Every structure is written in structure tokens, then in C-alpha cells.
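Contents: one structure, followed by commentary.
Computed from the coordinates by the stated procedures, all read-outs in this text should not be read as laboratory data. Keep in mind the model is a prediction, meaning the values are calculated, not measured. Positions of Cβ are backbone-derived with ideal geometry, glycine not excepted, and every protein chain shown enters the neighbour counts.
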Amino acid sequence: MIRPIIAAHQTMDDHRKHPRHPLHLKVILHLPGADAKILHGETYDVSLDGAAIHTEHNVFTGEEFLVELLLPPEITGKAPQSLKIHARMVYTLYSSTHYCFRSGLFFRKFQGNALALLETKLNQHPKLTG
């Protein structure tokens with residue numbers, strides 16, 4: 001496969017399909033396997049393609065798993081809305097800036113109306129540049 005050469009002034013962000021938004025949502029990871037785990041964290045940024053998340057755990061799985069993004073309620077006192085999305089991990093590394101682990105997630109399949117709800121939420125927030 002021939003890959004295009006990226007000019008010095010371009011970044012990988014220039015090649016993203018959807019823009020990232022600096023949105024901090026609670027996230028629940030339902031990790032598969034013999035030692036199935038449920039981990040909690042927070043998104044650092046989100047797009048329709050995936051998210052960067054922060055967790056206290058150094059975890060990586062090559063298997064697809066379920067992610068729940070919790071949208072804050074529109075009315076105080078109501079429960080957050082859970083968006084269920086099947087995802088794959090792209091990377092995990094330690095972020096010394098944030099004193100936690102940062103993982104990149106690639107969204108594979110949205111359950112129910114999760115895609116439409118996420119798109120509506122992202123359209124209400126500024127995009128990251130560069």
C-alpha cells in the first residue's frame with residue numbers, strides 16, 4: 001500500500017475523518033476476557049470516530065469491548081444518559097502531565113441512537129485545532 005507523504009506543516013489531525021472536541025465525560029469500559037473487568041475513567045477528547053480517555057489503570061486489550069459514555073443530564077437531578085458503543089483500543093500510555101493512563105479508542109459500532117445523540121452533543125461544543 002502506498003501512503004501519502006505528510007508535509008512538514010501538516011499533522012495527523014489533518015487526516016482525521018471527524019474533528020475532536022475537548023469534552024470530558026464519564027466513561028465505563030466493559031473489558032472482555034477470562035478476567036473481565038469494568039473500569040471507570042473520563043474522556044479527554046471525543047469525536048464520532050473515537051475518544052482519548054484517562055483511567056487510573058494501565059490496561060490494553062486487542063479485543064472489541066463495550067464503552068459507555070455518560071452524557072450529563074439536561075435537568076438537574078436526572079440520571080446521566082448512557083451511550084453504548086463497541087470499540088477497540090488503539091494505544092495506551094502513561095501521561096505524566098495528567099498522572100494517569102491515556103488510551104485511544106476507535107468506535108466500531110453504536111447501539112440504538114447513540115451515534116445521533118453523540119453527534120448532537122459534539123455539535124454543542126468547540127472543536128480542537130491542531
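Would you mind counting up the charge near R108? Only other residues with Cβ under 13 Å from its Cβ, with Lys and Arg at +1 and Asp and Glu at -1. So the surrounding residues net to 0.
Under 20 Å of direct C-alpha separation, and excluding same-chain neighbours fewer than eight residues apart, K17 reaches these lysines: K109, K121, K127.
Arranged from fewest to most other beta-carbon atoms within 10 Å of their beta carbon, E119, E63, E42 become E63, E119, E42. If you wrap the tightest convex hull around every Cα atom of the chain and split its volume per residue, you get 148 Å³. The alpha-carbon atoms of the range 54-121, seen along their principal axes, cover 35, 26, 16 angstrom, with the largest extent given first.
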